[in-house]
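Below is one structure, written out as structure tokens; comments come after it.
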Amino acid sequence: MGVLNVTPDSFSDGGRFLDVDRATAQALAMIEAGADIVDVGGESTRPGAAPVDADEEQRRVTPVIRAIRQAGRGTVISVDTTKATVAEAALDAGAHIVNDISALRFDERMAAVARDSGAGVVLMHMRGTPQTMQQEPAYNDVVGEVRSFLEERIAAAEAAGIGRAQIAVDPGIGFGKTVAHNLALLARLETFRDLGCPMIVGTSRKSFIGRVLGREDPADRVWGTAATVAWAVSHGARVVRVHDVAAMRDVARMTVALMKEQAT
Ligand code: HH2
């Protein structure tokens with residue numbers, strides 16, 4: 001899954017793809033580089049980011065989604081949003097998946113949008129909101145608590161009429177977690193794979209990699225990202241959400257080749 005942030009303030013690619021033509025060109029470049037899914041977001045979720053109103057968010061993402069669809073390569077498109085109106089407009093423009101970092105909690109209409117459209121839904125773990133999530137996050141048992149949260153959100157989605165086959169889960173690396181929490185979650189990824197829904201993992205260029213390696217600039221975190229992608233794929237991730245599609249596709253494919261060999 002290639003990341004495309006149509007925002008002025010995303011931590012890694014903020015401000016680069018605000019213009020529809022540039023965003024579309026980046027989407028096509030990621031598809032060319034082997035992305036199976038393009039994840040289009042119009043609101044930064046980095047810690048402390050300013051919220052964006054629904055009209056503005058919709059104005060950012062829908063033309064880009066439409067343009068990707070018109071390019072006609074059959075690529076799956078996800079929309080990274082917590083807002084039902086944005087999700088509806090995005091699905092209308094041709095998106096297939098709602099990637100909701102709040103796991104259907106921030107907008108009470110979101111579950112109905114997913115149910116009625118039949119779209120795929122990503123349920124991600126986050127503590128608090130992007131504004132508050134990094135204020136001294138604390139857990140007694142981060143792995144157990146994230147697992148329980150995802151179990152509860154799967155049950156809530158199913159109770160709202162969303163089919164099990166529509167659902168994917170994500171432990172939410174970097175969302176209300178310290179470096180130690182992120183490493184613990186990655187070290188126990190099978191726990192979330194065993195929930196029985198496809199697992200997505202998003203580590204790309206995130207600050208815990210910067211902290212482990214002493215890399216301030218997100219662009220210098222690509223090799224650290226590669227280690228986490230190989231790890232995630234070999235521990236059950238079905239989808240990895242990344243900025244550096246060409247490089248990470250090779251990392252993922254090589255890891256899969258080794259996994260197949262190990263299984264024989
Ligand atoms: N991470 C980010 C945004 N959306 N969605 C899922 N499912 N999983 C993730 O780990 C995830 C996500 C944050 O990264 P990015 O989009 O690159 O930056 P920003 O939030 O600053 O726009």
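The values are calculated or read from the model by the stated rules, or taken from the named source; none is laboratory data. Not measured: the values here are computed from a predicted model. In this analysis, Cβ positions are derived from the backbone assuming ideal geometry, glycine residues included, and neighbour counts consider all displayed protein chains. Protein only, heavy atoms only, side chains kept; ligands, DNA and RNA dropped before computing areas. Shrake-Rupley method; radii C 1.70, N 1.55, O 1.52, S 1.80 Å.
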task: List, largest first, the extents of the alpha carbons of segment 149-264 along their principal axes, each in whole Å.
output: 44, 39, 22
- line: With all protein chains present, segment 164-264 has a carbon and sulfur share of its accessible area (1.4 Å probe) in percent of 56 percent
query: How much of TRP231 can a 1.4 Å solvent probe reach, expressed as accessible area in Å² and rounded to 10?
result: 110 Å²
- line: Compactness check, the chain: C-alpha Rg relative to the 2.2 N^0.38 Å globular estimate gives 0.94
Helix-only [θ]222 nm of the chain, DSSP H runs n ≥ 4, -39500 (n - 2.57) each, per residue, nearest 500: -14000 deg cm²/dmol
task: Starting from the Cα of LYS177, draw a straight line to each of the lysines and keep only those under 20 Å, dropping any in the same chain fewer than 8 residues away.
output: LYS206
field: Neighbour net charge for GLY161 - beta-carbon separation under 9 angstrom, K R +1, D E -1
entry: -1
